[in-house]
Amino acid sequence: MGTSEVNFAATLKGLRQKAGLTQAEFAEAIGVRQGAVAHYEIGIKAPELAKLPSIAKALGVTVPEPFEEGSGQKKAATKSRGNPNKRAVKLQKAFEKLKPLEQQLILKQVYGLAAKR
């Protein structure tokens, strides 16, 4: 298990505890089983990117617009011909405005997706 996985797991657990949620309560709030939360918190696996909005809501943190539930789907369809560099810069700026923990959550998902390819 690498450093990023340990940091993500510890951060997620810390946020859950700070929110006053048990693993079971958190699992119910994000639509997974308690065992999945346990695996997230010890670094065995990471939640799916699609879970970020519900995770953020349950923990009382925010996610940037590109990761909000339902955002970008219609926009992406209508703006798919736009300048990809402008979109990348906008995404990077939104990412940089996040708290370090939120950045770790997103990076963990990106690394997980990249490893699958």
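Coordinate-derived values only; no laboratory data. If you're wondering where the values come from, they're calculated on a predicted model, not measured in any experiment. Every residue, glycine as well, gets a Cβ built from its backbone with ideal geometry; the counts of neighbours run over all protein chains shown.
With θ taken as phi - 60° and the Karplus curve 6.51 cos²θ - 1.76 cosθ + 1.60 applied, the whole-hertz 3J(HN,Hα) list for the range 7-12 is 4, 4, 4, 5, 5, 4 Hz, x standing for glycine and proline. Going down the table (Lys18/Lys93; Lys45/Lys86; Lys51/Lys108; Lys13/Lys90; Lys57/Lys86), which pairs top 21 Å between alpha carbons? In this structure, Lys18/Lys93; Lys45/Lys86; Lys13/Lys90; Lys57/Lys86 exceed 21 Å between Cα atoms.
Sequentially through the range 29-44, phi angles give Karplus couplings (6.51, -1.76, 1.60; θ = phi - 60°) of 5, 9, x, 10, 7, 4, x, 5, 4, 4, 5, 4, 6, 10, x, 6 Hz, Gly and Pro residues having no value and appearing as x. Computed from label points 7 Å out along Cα-Cβ, the spacing between Lys45 and Ala10 is 2.4 nm.
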